[in-house]
1. Within the stretch B:91-129, track down each residue that is part of a loop (DSSP other than H, G, I, E, B) and touching a helix residue (DSSP H, G or I) at 6+ places or on another chain (Cβ under 8 Å).
2. So, in the stretch B:9-31, of the ones that are part of a loop (DSSP other than H, G, I, E, B) and in contact with a strand residue (DSSP E or B) (Cβ under 9 Å, 6 or more places away or on another chain), which residue ends up nearest to residue A:26 (Cα to Cα)?
3. Identify the residue in the stretch A:345-366 that is out of contact with any strand residue (DSSP E or B) (no Cβ under 9 Å at 6 or more places or on another chain) and either closer than 21 Å to residue A:404 by Cβ or more than 9 Å from every other protein chain (Cβ to nearest Cβ) (or both) and, among all such residues, is surrounded by the fewest Cβ atoms within 10 Å (Cβ to Cβ).
4. Consider residue B:302 carefully, then state whether it is at pLDDT 95 or above and either away from chain A (no Cβ under 12 Å) or under 21 Å from the mean Cα position of the chain (by Cα) (or both).
5. Out of the residues in the stretch A:255-268 that are touching a strand residue (DSSP E or B) at 6+ places or on another chain (Cβ under 7 Å) and buried (at least 23 other Cβ atoms within 10 Å of the Cβ), state the one that is nearest to the other protein chains (Cβ to nearest Cβ).
6. Here is a list of conditions, (1) within 14 Å of chain A (Cβ to nearest Cβ); (2) in a strand (DSSP E or B); (3) touching a residue at least 24 places away in the same chain (Cβ under 8 Å); (4) surrounded by fewer than 21 Cβ atoms within 10 Å (Cβ to Cβ), and residue B:260 meets all of them except one; can you say which number that is?
7. With the condition kept exactly as written, say whether any residue in the stretch B:150-166 is over 29 Å from residue B:317 (Cβ atoms), surrounded by fewer than 17 Cβ atoms within 10 Å (Cβ to Cβ) and in contact with a helix residue (DSSP H, G or I) (Cβ under 7 Å, 6 or more places away or on another chain).
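The values are calculated or read from the model by the stated rules, or taken from the named source; none is laboratory data. Predicted, not measured: the structure shown is a model, and the values here were computed from it. With ideal geometry, Cβ positions are generated from the backbone for all residues, glycine too; neighbour counts draw on all protein chains shown.
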């Protein structure tokens, strides 16, 4: 599809900052999106959550931008903004009327180059409070909210970069000092460790001039420690259970998957879609619709730079346990292995994915982030068409092989059941 | 040359923003179409909105409209429930059906090439639903289980109880769209069929389309694929007025909750053209954005919370003001004090600088609200729900610009009422209740998950 072809210009400044520009003029907006190549996988045990806490600190002002003003300036210009941290990376982004592009570049460059002089203890203490509350609100106080953390802690090998949650453990969050924050900045927040993507109603020549103006004088300061990680498998089944204040029992099954853009990644995606991706998927049909032993079913794959995980999650109907459910999941996997999948199932999954690719082009901020995503993992921003082709080219055979190779291995099982 | 980074960059000359052109037309006597042609992607967003929602649920059958919306696509024409879902899936079309307080809506986003077939399938659902007994039982059971799961989520409990309490537990807006368990238990398949026949098929219908399609083509397709029905229900619109009660604290227990969910607010009035713009600006200053007073106080100054914000919410015949946040348990009482402090303080007025910020933010953000097909569709839906004129969006910026400081002050005086508020708290009783007992000498009343007072 020609639609998915992204024309871009990509170049680097002398300090190593990578820049990607893509012009899109149908609405007078611009999206600015920076990826720093640092995420929670760069942390070590006992110091978890600092990549995310640091992301918060980046909104606390820099040498020329007082606290609270970063948000204020962008919102005053009619823009939206945020940031997020994952295992592999941290992104910062703004979307605003395109005549305010320079404002966004000024703000992003000030915190990239001149963050440290504005850092102080009051700001750090404040954001430790905010992040502690974020953890409480989004994880501790949500039903089944600690499942992910429980799973990855036990699932990935000790010291694997994905074996702790990005939000961080509470004791770690509370322990951070100004030194920790300073060191983190010095180590990872260098132009040479970042990519700036700008998408929207821009003039290419003027944009290049502005990028040079604001970012060129920032010096690179790179002392990045490479992450150690290797492929892994579960040597034996792991069975975990815990009681929580919930109404219904839920089972999670976690299996090792592959790193992102591995040749097996999309076959696994399609397989999981056929098994549990929609109301007409096999497990939903069987467990929720026909047998009525489950309230909901889901499955997804996380694939990152250092490996991946396949995660099934099924919630039992009131009063039921998940033992039958587990057996039914395993039976269905056997069924795929022995009898395959149908042409129609494959086509349905592909069509849903194809539509989603097109729908995703509606927002320039999502597009800018996607461009950074492709550039980070593939060193090629224009990869939407190639990515879709991976799905379109997937055969029945490769989906069945994915099932045989990835769903028949040892798994981790977590059952969360009601307290009473 | 060194760059002076102290200088805040000035914007360039503003690029022209072309507001999408809204076209309204009727097909036959009963189908009102609201349409925007948007050609940058080969997709169409289609929505059909019936003006009956859960406020019409009869007593003892709260949850009926919602259960109807869950059942209607579980099989239609010759397709059973699963086959029907597969039909949509093969098109890559996401159909979503839902009931709210004021409406039932059916919407999908589809590739242009699959628009015809998607419409045809939707029409089948609307006109030939199977309403099978076994599917009914399944959906009812799913809903009952979902209602049971509300107990797990303090944020859901806070929302439901607050919604009910601000309407004094008595208005048609005080009932949850998902219904009450005892009520849902008693709903029969005949109830749903009757709802379909004598309410849904008599309701009035609006169609909202944003897509890569010309008007004539769209009109032909709707004529071809959608079978209209007669709208015969003349709904009485009954406005809900403010009941003056003294501020009270309502508390629902969620054992071992590590945070408290807090909602503070009260009824205002239904949406109208006179106060809407000044309320919007007032709220931007008070709590509508990250940089608003409430969030800067509770989050950026005190560190009590991950976020706190406020808003005016408008139903068709009522409106309310609310502040929402969740805070670490030990800060519950302190956080409520700060919220009330901000509500009182804003009644003393706002600075020119704040008003300039709020205007700038809302006006310059305007084009961002028209980026996606879904955003434009939701703007059209908003226009329908509140009966706004076709030029509403053309005049929006001008109307915001015209608000002055005195109008903001009037808005704050009339619509922010800290002395007549409902304060809803969900948290761990043994830790939180003692904190609340000496808070401003407010009466503290224990309620259940739906805001019903515990005797």
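1. Scanning the stretch B:91-129 gives B:92, B:93, B:100, B:101, B:102, B:103.
2. B:17
3. Looking at residues that are out of contact with any strand residue (DSSP E or B) (no Cβ under 9 Å at 6 or more places or on another chain) and either closer than 21 Å to residue A:404 by Cβ or more than 9 Å from every other protein chain (Cβ to nearest Cβ) (or both), I get A:360.
4. Against the criterion (at pLDDT 95 or above and either away from chain A (no Cβ under 12 Å) or under 21 Å from the mean Cα position of the chain (by Cα) (or both)), residue B:302 does not qualify.
5. That would be A:268.
6. Single failed check for residue B:260: (4).
7. no
For every residue, the table says whether it meets (1) assigned to a loop (DSSP other than H, G, I, E, B); (2) touching a helix residue (DSSP H, G or I) at 6+ places or on another chain (Cβ under 8 Å); (3) not assigned by TED's automatic domain parsing to the domain that holds residue A:255.
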{"position": "A:360", "(1), (2), (3)": "no, yes, no"}
{"position": "A:366", "(1), (2), (3)": "no, yes, no"}
{"position": "A:380", "(1), (2), (3)": "yes, yes, no"}
{"position": "A:388", "(1), (2), (3)": "no, yes, no"}
{"position": "A:399", "(1), (2), (3)": "no, yes, no"}
{"position": "A:405", "(1), (2), (3)": "no, no, no"}
